[in-house]
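Each remark here refers to the structure printed beneath this line.
The values are calculated or read from the model by the stated rules, or taken from the named source; none is laboratory data. Being a predicted model, the structure only gives us computed values, none of them experimental. Quick reminder, even Gly has a Cβ in these numbers, built from the backbone with ideal geometry, and neighbours come from all protein chains shown. For the accessible areas, the whole protein counts, side chains as well, though only heavy atoms, and no ligand, DNA or RNA atoms are used. Shrake-Rupley method; radii C 1.70, N 1.55, O 1.52, S 1.80 Å.
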Amino acid sequence: MEALGVPWFMAVRLLGPPVFLFVAGGALLLWRRPGRSGLIWAALAVNLLAAALPFLWIGVQAIVDQAERTVYGLVMTLLQPSVSMAAWGLMLLAAVFPARVSDGVESTEVEGRPEHEPQNIG
């Protein structure tokens, strides 16, 4: 990171929470498989990408030597929040519309209501 002109503590401060969220969320997804785990994995990955975009952008600027063009900076300023918003949208989509199929077994309905199986909680 020092070669790109970014101190390490800035990279750790900005990338640390999304990396921790990806690792902790991934561990929870592997431990307790929710219905829409694919959307949640995508949301975690997109959130990590949104956090890494400024560093990727600095690397691209260093490679192609186009750092002085302000239009590119404007695009990056709008792109990172948009990618982060897409990650939150994926997470919201997974939470609001849970999958009807759980563990490969479709739920049965009794009189229009889904039949719930008792779960051992605790």
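The table for this structure:
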{"item": "Qualifying positions in the stretch 13-38 - open to solvent by 80 Å² or more (accessible area, probe 1.4 Å), over 18 Å from residue 52 (Cβ atoms) and in a helix (DSSP H, G or I)", "result": "28, 30, 31"}
{"item": "Residue 21 vs. criteria touching a Gly at 6+ places or on another chain (Cβ under 7 Å) and at pLDDT 80 or above", "result": "no"}
{"item": "Tally of residues being over 16 Å from the mean Cα position of the chain (by Cα) and either assigned to a loop (DSSP other than H, G, I, E, B) or closer than 16 Å to residue 94 by Cβ (or both) across the stretch 39-66", "result": "2"}
